[in-house]
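Asker: Got a structure for you, written out below as C-alpha cells; questions coming shortly.
The values are calculated or read from the model by the stated rules, or taken from the named source; none is laboratory data. In this text the structure is predicted, and so the values were computed from the model without any measurement. Counting neighbours? That spans all protein chains shown, and the Cβs are built from the backbone with ideal geometry, glycine included. Just the protein is used for accessible areas: all its heavy atoms, side chains included, with ligands, DNA and RNA removed. Shrake-Rupley method; radii C 1.70, N 1.55, O 1.52, S 1.80 Å.
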Amino acid sequence: MARGRAEWKQALDIKPGLGKIFGGLEARAPALTRAIRYYSLTETLPPGQSFEHTGRPMRLDQPAYAPAFKALMVNNVESYNPGMAADAIMLDTAILENVRLVGHTLFPIRSETGRIVSDNDDSIPWGITYPSLSFKPPVPVAGLVTAIPRIKNYYHLMVDYVMPVMAALLRHPDRLSGPVTFVVNHDYPMLDVLIGTLREQGIDARLMKVGDGDTVMAARYLWAKSKARHTEHAYAFRDELRLLSEAIARKTAHIKVPDKVFIPRSKTRLRNLLNQSELQAALAARGFAAWELEWSLPLEQIALFQRAGQIVSVHGAGLTNLMWGEGGAIVEIFPNDARKTTYLHMASQNGWAYDYVLGSDEAERQNFSVTVDEVLAKIG
C-alpha cells in the first residue's frame, strides 16, 4: 500500500477482495480460470532447473559507503527477502521448457502446472494480474524467448527484468546462442537501444510486441533473476555493462552533457519536493543545470550518467541510470522518515561517490521539503 494514501481510499479499494475471490477460484477450478486467462499463483524454479546460481559481493561495508548505509537504515522503508545472506547478490539463470505467455501480463507460466515461475511460492495481486478472455490461437516462437511485463517503474523494469537477461546473454554466449526474442506488450525505448547494442555484440536479439489478447508459446524460455536480502539491492551488472561500454559510448558521443546536474522531480503525483524551485535556483547559482529525465529519450539518460561529474536528485527511479556511469558523485535527497538504500547500493557497485541529505518528514502524497543550505553544503 502506497505511503500517504488516504484511509478512505484504502477502505474502498476492491482489488484485494477481487484477488481473494479469483485466487480461490483458481485453486479450486483451475480449468475455468485458465479459460479466462487468469493466472496469479506462483511457484519457484523446479529443482535442478537453474544452470547458474552464483553470488556477487555487496560493497556497502566499504569505508566510502558504510556510514551512509548505517544512517539510511534508520527510518528505512525497504522490504526484505527472509533467509538470504546480507553479503551477496545471487544470480540465477535457467532455461524453462514449454512456457505460456498471455499478452496482458506476460508472466512466464509453466504449461505443466499452470503457475507463474517466480522467486517464491505465493500469488500476484489483482491489478498486476487479471482475467482477459481471448479466442486467439497461441503463437509458437522458436529459439530462446524472454518476456518483459508491463512495468511502470523504471528501476524495476531495468533491474528486475531487462538487465538480468542481458547480463546472462553476455555471460553465457555459447550456452545461450541462437535467436533470443524479447516479448513485450508496451514500448520501452531503452530496451530498443539495448537490443540494438546486443546485436552489435553478435547476439541475435529480437523484439516481438504482442497485444493483450495474444498468447505466446515458448519451447525454451530464458529465466534470469538477481536477488538480495534487501529487495532493492538486486543490481549486480557492472561487469556486463563494461562489455557494452564502447558500443554505448559511440551512440551517445554526440550528446552534450553539463558537468553539474540537478534532476528535478516533475510529472509525478508522489514524493514531490515542496521547495524544489528554491533549491533549483540555488543550485543554478552554483553552476548546476536542470535536466529532466524522459523514458522516451534513453540515449540522453545514458549520456548524462556516463559523463556528468556531479548529480543532485531527490530519491526516485531516474537514479537507476547510475548503472551507466562510474566515478561520478551523487547527492540523494530523502524525506527524513522514508529512507532507502537502493541507489546507495548502485553507487557502491559502480564506484560513485555518494552523499545524502534528509529533509522533512513526509506529508500528503509523500511530499516533503529540504533545507537548501544543507544541500549546498554537500556539493562543496
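Asker: Among bridges DSSP assigns within segment 34-117, what percent are antiparallel (round to 5)? Before the final figure, lay out the partial values.
Answerer: Numbers: 10 of 12 bridges.
Rounded to the nearest five, the antiparallel share is 85 percent.
Asker: Taking only Cα atoms, what is the 0 to 90° angle, nearest 10, from helix 238-252's long axis to the longest principal axis of the chain?
Answerer: On a 0 to 90 degree scale, this one is about 70.
Asker: In whole angstrom, and with the biggest value first, how far do the Cα coordinates of the chain range along each principal axis?
Answerer: 63, 54, 37
Asker: Turning to a different aspect of this structure: Let me know the Rg and Dmax you get for segment 190-287 when you use only its Cα atoms, in Å.
Answerer: Calculated on Cα positions, Rg and Dmax stand at 19.9, 58 Å.
Asker: As an exercise, identify the trypsin sites (Lys or Arg not before Pro) in segment 79-167 lying in DSSP coil whose Cβ has no more than 12 other Cβ atoms within 10 Å.
Answerer: In loop regions of segment 79-167 (DSSP not H, G, I, E or B), the sparsely surrounded trypsin sites (Lys or Arg not before Pro) are K152.
Asker: When the accessible area of segment 169-308 is computed with all protein chains present and a 1.4 Å probe, what percentage of it is carbon and sulfur? Don't jump to the answer; show the numbers that get you there.
Answerer: Working: 3120 of 6400 Å².
Carbon with sulfur: 49 percent of the solvent-accessible area.
Asker: Just list whichever of K70/K227; K20/K225; K225/K340; K20/K136 have alpha carbons separated by over 24 Å in the model shown.
Answerer: Exceeds cut-off: K20/K225; K20/K136.
Asker: Run the helix sum for the chain: -39,500 (n - 2.57) per DSSP H stretch of 4+ residues, divided by residue count, reported at 222 nm to the nearest 500 deg cm²/dmol.
Answerer: Counting only the DSSP helices, I get -8000 deg cm²/dmol.
Asker: Rank M217, M346 by accessible area, highest first, at a 1.4 Å probe radius?
Answerer: M217, M346
Asker: Taking the chain as the reference, fit the longest principal axis to its C-alpha atoms, fit the long axis of helix 15-28 to the helix C-alpha atoms, and give the angle between the two in degrees, 0 to 90, nearest 10.
Answerer: Relative to the chain, helix 15-28 is tipped by roughly 30 degrees.
Asker: Further question: Could you please put V74, V216 in sequence from largest to smallest accessible area, using a 1.4 Å probe?
Answerer: Largest accessible area first, the residues go V74, V216.
Asker: Right, here's the next one. Just the accessible area per residue of the chain, please: how many Å² with a 1.4 Å probe?
Answerer: 45
Asker: Take F237, F107, F22, F135 and sort them by solvent-accessible surface of the protein heavy atoms, 1.4 Å probe, largest at the top.
Answerer: F135, F22, F107, F237
Asker: What is the Rg over Rh value, at two decimals, for segment 111-234, using alpha-carbon atoms and the Kirkwood definition of Rh? Kindly include the intermediate steps, with their values, before the conclusion.
Answerer: Values: Rg = 14.9 Å, Rh = 15.8 Å.
Here the Rg-to-Rh quotient is 0.95.
Asker: Now a separate question. Take the alpha carbon atoms of segment 121-180, find their center, do the same for segment 193-267, and report the distance between the two centers in whole angstrom.
Answerer: Taking the Cα centre of each part, segment 121-180 and segment 193-267 sit 13 Å apart.
Asker: With angles folded into 0 to 90 degrees, how steeply does helix 276-285 sit against the dominant principal axis of the chain? Use alpha carbons for both and round to 10.
Answerer: The two axes meet at around 50 degrees.
Asker: At 1.4 Å probe size, with no ligands or nucleic acids counted, give the accessible surface of E246 in Å², nearest ten.
Answerer: 140
Asker: Rounded to the nearest percent, how much of the accessible area of segment 18-168 (1.4 Å probe, protein heavy atoms only) is carbon and sulfur?
Answerer: About 57 percent, which is the carbon plus sulfur part of the accessible surface.
Asker: Next question. At a threshold of 8 angstrom on Cα-Cα distance, excluding pairs fewer than six apart, so keeping six or more, what relative contact order does the chain reach in percent?
Answerer: It rounds to 20 percent for the chain.
Asker: While we're on this one: Going 7 Å from the Cα of E112 in the Cα-to-Cβ direction, what parts of segment 204-226 have a backbone nitrogen less than 19 Å from that spot?
Answerer: 217-224
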